[in-house]
1. Using the basic label-point model (7 angstrom from Cα toward the beta carbon), what is the residue 62 to residue 96 distance in nanometres?
2. Gaussian network model of the chain, Cα springs within a sub-10 Å range: biggest mean-square fluctuation belongs to which of 34, 123, 178?
3. What percent antiparallel are the DSSP beta bridges of the chain, to the nearest 5?
4. Distance between the C-alpha centers of region 106-158 and region 166-202? Whole Å please.
5. How much length, in nm to one decimal, is gained on full extension between residue 118 and residue 36, taken as 0.36 nm per residue of separation minus their Cα-Cα distance?
6. Pull out a ≥ b ≥ c, the square roots of the eigenvalues of the alpha-carbon gyration tensor of region 137-204, then state rounded if a/c is under 1.5, prolate if not and a/b is larger than b/c, and oblate in the remaining case.
7. Can you bin region 45-87 into rounded, prolate or oblate? Criterion: square roots of the alpha carbon gyration tensor eigenvalues sorted a ≥ b ≥ c, rounded for a/c under 1.5, prolate for a/b above b/c, oblate for the rest.
8. What's the extension gain from residue 218 to residue 190 if we count 0.36 nm per residue and subtract their Cα-Cα distance?
């Protein structure tokens with residue numbers, strides 16, 4: 001069947017945010033006397049929600065987080081993104097070449113997700129098909145986001161393709177019954193990432209988003 005719908009994860013697929021996020025989280029942890037490198041944070045938490053990450057860290061390190069900590073964290077993360085966030089190289093031109101309906105499904109909160117897509121100039125490619133963790137009961141790796149995105153687009157899963165950069169996202173797409181391409185063109189990826197994504201279930205892995213139209217045409 002031809003691909004009529006492509007669902008993109010945001011962080012690490014559309015915007016090059018994972019390295020910025022890991023550096024920011026490492027700096028925040030240092031305020032509590034916890035030394036975790038950005039590399040460790042990327043490996044452990046890429047693709048997961050900020051809330052889930054910090055609840056896990058608070059329990060592990062017995063941190064007494066202030067009641068407004070998550071809002072404080074989000075506000076400063078948004079300021080950081082406004083100044084420094086960049087799109088994945090060549091992603092805008094690639095999106096313009098795709099004839100399929102395009103959607104975004106992200107574990108980011110809605111206001112954060114819209115900021116990322118707006119700052120990088122990508123938001124206009126997706127219409128009202130921009131779904132965040134706020135719109136479902138469970139974040140990835142549960143399939144909720146992808147199932148809701150399918151319903152919003154009105155296109156069957158067998159005519160849909162997902163582009164993801166983490167095992168967490170790949171697990172979510174596969175649980176929803178959607179084929180997944182892995183993407184490793186962001187700055188946070190390592191030489192081991194392609195193998196990791198294939199082992200998670202990606203049927204192909206791209207290191208340059210410009211190859212996506214040709215790969216879809218060959219399916």
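1. 5.7
2. Of the options given, 34 has the highest mean-square fluctuation.
3. Of all bridge pairs located within the chain, approximately 5 percent are antiparallel.
4. 17
5. Contour length minus the Cα-Cα distance gives 26.5 nm.
6. prolate
7. On the way: a/c = 3.28, a/b = 1.64, b/c = 2.00.
Oblate.
8. Values: separation 28, 0.36 × 28 = 10.08 nm, distance 2.72 nm.
That works out to 7.4 nm of additional length.
Every read-out reported here was derived from the displayed coordinates using simple, explicitly stated rules and does not represent laboratory data. Bear in mind that the values here come from a model prediction, so they are computed numbers and not experimental data. Using ideal geometry, Cβ is built from the backbone for each residue, glycine included, and neighbour counts are taken over all protein chains shown.
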